[in-house]
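These notes concern the structure reproduced below.
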Amino acid sequence: MTPFPAPYPTLLSDDPVLQTALEAAVAEALTRFPGLARPWRAAMSFVAVDETPGGPEFRHAGLRYGDSCYTGSLAKAGAMYAAYELLRSVNTVAASTRTPQELFTRLRHDFDGLIDASVPAIAHTPGLSRAQRLPDYQRIFRPFPLPGGQVCAFRPDFQDHLNRMIVQGKNEDAAAVIQALGYSWINGALKAGGFFFPPAGTGIWLAGTFTGALPAVRIDSVNDGPVAQASTCFDMANLCAHILRRSLVDPGSSNVMHALLSTSAFVGDVPSCLDYSRRHLPPRNFGVTASKIGSGQLKTGVWVDSEAAVIETSDPTRRWLVVFQDSLTDDTSLSALGFAVERTIELASGGP
């Protein structure tokens, strides 16, 4: 059996009305903030999440949303997804094994060859051993007996690293998660799931530990040349949309991932770029209910922010998913970004 998922469908559908609203809002922001860098810098995916009886539906607009950008810690969302995807696959095998030794032996026999072959660029990277490319199952999972088989959960220390990687954004914890999962599993799962596309080298890519613990494997980005953490706004938005629809991995895993992103928004060490109360900037008429941010320095020395955020207004029938990358980090840029988000919502909702 393969450990990899079938490709997830694209949930985002183009919305010309929302696109017009976004472009008008950005034009207004450029006029209202004369000190703002020109042209508009941030790449964006802007998604209206409409609540329907059949589940949320997702209408999309964007700016340079297909550009692969250096995205910093936002790429940690890819490692979070890969961890829960591996848990699902491991439990498929665990159900027909009787002992931990039998389980781990079968995983290495059945999964490792497929995982190692999934991303040739990683398999051929000098200085990266096969063991470093592959999951360390015993470091990640604790089996529990069931009648006729077993079930696995994350080991408590791995779960703690995963939680801190998302909520506190700790690089040391991210390194522990990434090393345990292995580059080939993380990026093989992203590729199989339809969130990374090797021919073009676009999508979500994570092949660096944030601490230098392992050699990095880099792909080209639009804003920073070869990088080890990259994404397009569109693919990150599609991954987050599946979390909101409870269709990423399975409903239980999606619920846990959503809870981590929600906790990050409310008590994370670094506030959302769109949380203007915590940023001590002029308030906006929306609140952030889930978030993962990334911040880093480009090779030019310029610092940039990235984020995937779920925001809400007073309208209970709709949420908004905003993914942006390559935004400057100064207060003017963040204030203009908030204005553009707020104004897009107003225009898309029929406001003047």
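Brief remarks follow.
- Taken per residue, the accessible surface of region 42-147 reaches 40 Å², heavy atoms only and a 1.4 Å probe.
- Largest-first principal axis extents, alpha carbons of region 230-279, Å: 34, 25, 16
- Against the chain, whose longest principal axis is taken from its Cα atoms, helix 16-32 shows a tilt of about 60°.
- Rounded to the nearest 0.05, the FRET efficiency derived from the C-beta distance between residue 211 and residue 50 at R0 = 56 Å is 0.85.
- DSSP bridge orientation in the chain - percent antiparallel, rounded to nearest 5: 95 percent
- Highest-first arrangement of 256-267, 307-318, 232-243, where packing means the average Cβ count within 10 Å: 232-243, 256-267, 307-318
- Considering only 84, 19, 226, and ranking their Cα positions along the charge dipole of the chain that arises from unit charges at the beta-carbon of Lys, Arg, Asp and Glu, the one farthest toward the positive end is 84.
- Rolling a 1.4 Å probe over the heavy atoms of the protein chains gives region 213-343 an accessible area of 35 Å² per residue.
- The charge dipole of region 189-290, taken about the Cα centre with unit charges on the Cβ atoms of Lys, Arg (+1) and Asp, Glu (-1), comes to about 200 debye, rounded to the nearest 20.
- Our helix-only sum for the chain, with -39,500 (n - 2.57) per DSSP H run of n ≥ 4 divided by its residues, gives a mean residue ellipticity at 222 nm of -13000 deg cm²/dmol.
- Restricting the calculation to alpha carbons of the chain gives Rg and Dmax of 20.2, 68 angstrom.
- Taking a point 7 Å from the Cα of residue 285 along the Cα-to-Cβ direction, the residues of region 303-340 with backbone N closer than 11 Å to it are 313-315.
- Potential lengthening between residue 312 and residue 250 on full extension [0.36 nm per residue; Cα-Cα distance subtracted]: 19.9 nm
- Computed on the chain, with alpha-carbon pairs under 8 angstrom and 6+ residues apart, the relative contact order is 25 percent.
- Long-range tail of P(r) for region 79-228 (Cα pairs > 17 Å, %): 62 percent
- Since only 74, 285, 311 are under comparison, the one whose Cα sits farthest along the positive direction of the charge dipole of the chain, derived from C-beta charges on Lys, Arg, Asp and Glu, is 74.
- The chain: angle of helix 251-267 to the longest principal axis, Cα-based, in degrees nearest 10: 50 degrees
- Carbon + sulfur, % of accessible area of region 1-154 - ligands and nucleic acids excluded, 1.4 Å: 59 percent
- Using a probe radius of 1.4 angstrom, the carbon and sulfur fraction of the accessible surface of region 287-352 is 52%.
- GNM flexibility winner over the chain from 111, 158, 144 (Cα, springs under 10 Å): 144
- Rounded to the nearest 20 debye, dipole of the chain from Cβ charges on Lys, Arg, Asp, Glu: 680 debye
- 0 to 90° range, to nearest 10: angle between helix 183-192 axis and the chain longest Cα axis: 70 degrees
- Residues residue 101 and residue 17, FRET efficiency given R0 of 51 Å [Cβ-Cβ distance, rounded to 0.05]: 0.30
- Dimensions in Å of region 55-95 - Rg and Dmax from alpha carbons: 15.7, 46
- Note on residue 278 and residue 121: the extension gain reaches 52.4 nm, defined as 0.36 nm multiplied by sequence separation minus the Cα-Cα distance.
- Cα-projected label distance for residue 38 with residue 131, points at 7 Å along beta-carbon direction, nm: 5.9 nm
- Per-selection metrics, region 1-116 (Cα): Rg and Dmax in Å: 21.7, 67
- Net lengthening on full extension, residue 108/residue 263 (0.36 nm per residue, minus Cα-Cα): 52.4 nm
The values are calculated or read from the model by the stated rules, or taken from the named source; none is laboratory data. It should be emphasised that the depicted structure is a prediction, and the values quoted were computed from it without experimental measurement. Positions of Cβ are generated from backbone atoms using ideal geometry, with glycine treated the same way; all protein chains shown enter the neighbour counts. In case anyone asks, the SASA skips ligands and DNA or RNA and just uses the protein heavy atoms, side chains included. Shrake-Rupley method; radii C 1.70, N 1.55, O 1.52, S 1.80 Å.
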